[in-house]
Amino acid sequence: MVLLSFSVAQPILQPSPGCPTHCGDTEVAYPFGIGQNCSRSEQFNLQCNKVEDGSYKPLASDGVIHGISVSQGQARIQVYVSYLCYNNSLKDKIDGGIYTVDLTRTAFWLSNTKNRFMVVGSETSAYVNLTRSKSMWYKTGCTSVSLSEQGLVNGSCSGIGCCQSAIPFGMKFYEITFDISFNNSHTASFSPCGYAVLMEAESFKFSTTYLTRPGTFVKDAKKFSTVLDWVVGNETCKIAQQNSTNYACVSRNSRCVDHATGQGYICTCEKGYNGNPYLLDGCKDTNECLIRSNCYGNCTNTLGSFECACPAGTHGNGTVPDGCYKNIGPKIQLWGKLVIVSSSLVYWVYQRRQITTLKEIYFRQYGGHLLLEEMKSEQGFSFRIFKEQELKEATDHFNSKNVVGEGGNGTVYRGTINNKEVAIKKCKTINERQKKEFGKEILILSQINHINIVRILGCCLELEIPVLVYEFISKGTLFDLLHGENAVFISLNTRLRIAHETAEALAYLHSWASPSIVHRDVKTSNILLDENFVAKVSDFGASVLAPTGDEEEFATHVQGTRGYLDPEYMQTGLLTVKSDVYSFGVVLVELLTRKKAFYMEGLEIRSLPAEFLSAMKENSAEAILDNHIIRDRENMGLITQVVELARTCLLMEGERRPDMRQVAAVLHTALKSMESPT
């Protein structure tokens, strides 16, 4: 458990008379203060300085404070935007402001629940370096790519023109850096600048003008804030209340509230009272009758509460608008009840018809009739169209206890249909192209029949976003096997067999499926293992059908998982089957090293493909391989062949990479040459 520690100096339990209560137009409430003996301790002491616009604002270290909430244990500081621009005429990058915020000497830390690290740009990759203390550093980031204005969507921040990343708890310092290999050089004609900022996620709404009009984002960011959390002490309420000398909740009608993380506490006024719980008699009775929405009848204020009654000659509920009714006779009351019941019945019938009509619209929209016709014409076609109610019953109404997987594309539930376990996937989003092509594409995917590809059993088209039903694979993912908490020994033979089976599945999709299919999200968490640890490629949520004819590459919105994405695809937006080859190369290196696509080494986050290629260049590949593989000296020649195969899969130029049939053939030969059994 990490505790956010405070000074051990004796706290000042009450501010001295005459302490400032405002800095400019910003209230400064105790336990914070400005000046000597005005704050609870040094960490709560603020400065009142003139800022850029000429006004006075409180400062915590180098953060300009816009407001402090005593009741919520939060504050808001000015947003600082870092940026990197490309000068098209000079053919060079221009570094913008690279900002840092240091809160280490204050009571504040960066809110991990309210803030997100935002990156805005057409070809921008940025990181935020964070620290909780001198010895605890973290790094997170994301890449935003959009090679044309047409791909941008207002309000969307999912990787196209805008991306976001969460931060860990308790961070008190941050610094933003850019990956200069993503410098907007390919998109400078319409979007020369990229931006990065740590800010409140809820208040941010992406606008396409942030890319197409340089400076707009920096200007708009002045309206936004970064949210800070704070606690008055680092112990729990139970422990703090045992020390009456230092206990901070001193006002009558105040109470102690543990921080959501269980690390520290704040004080708040009891319900019906408001004010400052840190001051003696700071919590004052709230006169609820002054707030019209509390009572629309006759209001009487009481200590900590209020009473609301309907006026004489009426009855009902005075706390809601038009809640008081004139007193009427019993017969009229009976007729009124009959009218209400009748109206409710009519409305229920209307709603049922509306739902039925809506389901039919969705069914037609997603090509349900095309699927039905195909199912009638094809004998032995095992694909099914399920009713929504069937899937609800199969998953206990999509109960969270049945969730077996969750990712960017959707949530997967374990279910039972006709006494057979199935995997039911509720997708999160669907774009217009997928809506138009869904029936056609699902028909093609349903006809895929390969031992190493998860079989799709059916779908439900009665919802706004279709639900897919797959065969259930029992042993989890390759990611879990390699990186799970209960690590088990994995022989070289098993690793090569899983790699070969995966390669065969991708080769089938690229070369023998008609039309060919580009998976576009090959990664270890999308490779499932059955009870015999046979690999099965899954999750075709991001896959696309390759165009027919001679066209080998086609433009799409960049989609996939960071760490596995083909860098050539990221920079050009042109997708080919070789993009899957690169992603498979990362998977193969994971099998050889047992390291994640991004992994920690000391205090740094490292990219597995980059570290692997660097080791290969220096002829020191053994330094990065898993120890269990290095010890297998008997098969070192074979391991060298597989390592070289992984290197060719990760070549920067897609046309120089092997195709998946060649990859599968090399792995097949390697497996055959192994003398030891599985």
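The figures follow:
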read-out: Qualifying residues in segment 238-262 (those that are assigned to a strand (DSSP E or B) and not basic (K, R)) - the one nearest to E307 (Cα to Cα); value: S254
read-out: Residues of segment 494-520 that turn out to be assigned to a loop (DSSP other than H, G, I, E, B) and out of contact with any Leu (no Cβ under 8 Å at 6 or more places or on another chain), as a count; value: 2
read-out: Qualifying residue in segment 185-203 (condition: of a type in the set (S, T, Y), within 26 Å of K428 (Cβ to Cβ) and free of Cβ contacts under 8 Å to residues at least 24 places away in the same chain); value: yes
read-out: Positions within segment 472-485 being β-branched (V, I, T) and assigned to a loop (DSSP other than H, G, I, E, B), in sequence order; value: I473
read-out: Pick from segment 185-211, criterion of a type outside the set (A, V, I, L, M, F, W, C) and in contact with a Ser or Thr (Cβ under 6 Å, 6 or more places away or on another chain), ranking: nearest to A260 (Cα to Cα); value: E200
read-out: Verdict on T212 being in the same structural domain as V51 (by TED's automatic domain parsing) and touching a Phe, Trp or Tyr at 6+ places or on another chain (Cβ under 7 Å); value: no
read-out: Residue identified as crowded, with 19+ Cβ neighbours inside 10 Å, more than 19 Å from K219 (Cα to Cα), assigned by TED's automatic domain parsing to the domain that holds S165 and modelled with pLDDT under 85 among V101, V145; value: V145
read-out: Strands (runs of 3 or more DSSP E) contained entirely in segment 263-322, each with at least 3 residues that are in contact with a Gly (Cβ under 8 Å, 6 or more places away or on another chain); value: 265-269, 283-285, 305-309
read-out: Meets criteria (in a helix (DSSP H, G or I), surrounded by fewer than 19 Cβ atoms within 10 Å (Cβ to Cβ), in contact with a Phe, Trp or Tyr (Cβ under 9 Å, 6 or more places away or on another chain) and not assigned by TED's automatic domain parsing to the domain that holds L575) for V153; value: no
read-out: Given (1) crowded, with 18+ Cβ neighbours inside 10 Å; (2) farther than 16 Å from R495 by Cα, number of the condition A646 does not satisfy; value: (2)
read-out: Yes/no for S191 being surrounded by 23 or more Cβ atoms within 10 Å (Cβ to Cβ), assigned by TED's automatic domain parsing to the domain that holds Y86, touching a strand residue (DSSP E or B) at 6+ places or on another chain (Cβ under 9 Å) and over 19 Å from V101 (Cβ atoms); value: yes
read-out: Among (1) crowded, with 22+ Cβ neighbours inside 10 Å; (2) of a type outside the set (D, E, K, R); (3) not in a loop (DSSP other than H, G, I, E, B) - the single one I180 does not satisfy; value: (1)
read-out: Answer residue from segment 512-542, given it is closer than 18 Å to V586 by Cα and among the polar types (S, T, N, Q) and is modelled with the highest pLDDT among those; value: T524
read-out: Listing of strands (runs of 3 or more DSSP E) fully contained in segment 418-471 that carry 1 or more residues being modelled with pLDDT of 85 or more, in the same structural domain as E388 (by TED's automatic domain parsing) and among the small types (G, A, S); value: 420-427
read-out: Test: residue in segment 240-254 that is within 22 Å of T106 (Cβ to Cβ), touching a Phe, Trp or Tyr at 6+ places or on another chain (Cβ under 7 Å) and not assigned by TED's automatic domain parsing to the domain that holds T113; value: yes
read-out: Candidate set from segment 556-579 (those that are of a type in the set (V, I, T) and more than 22 Å from A188 (Cα to Cα)); member that is modelled with the highest pLDDT; value: V577
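The values are calculated or read from the model by the stated rules, or taken from the named source; none is laboratory data. Predicted model only: the values in this text are computed from it and were never measured. Every residue, glycine as well, gets a Cβ built from its backbone with ideal geometry; the counts of neighbours run over all protein chains shown.
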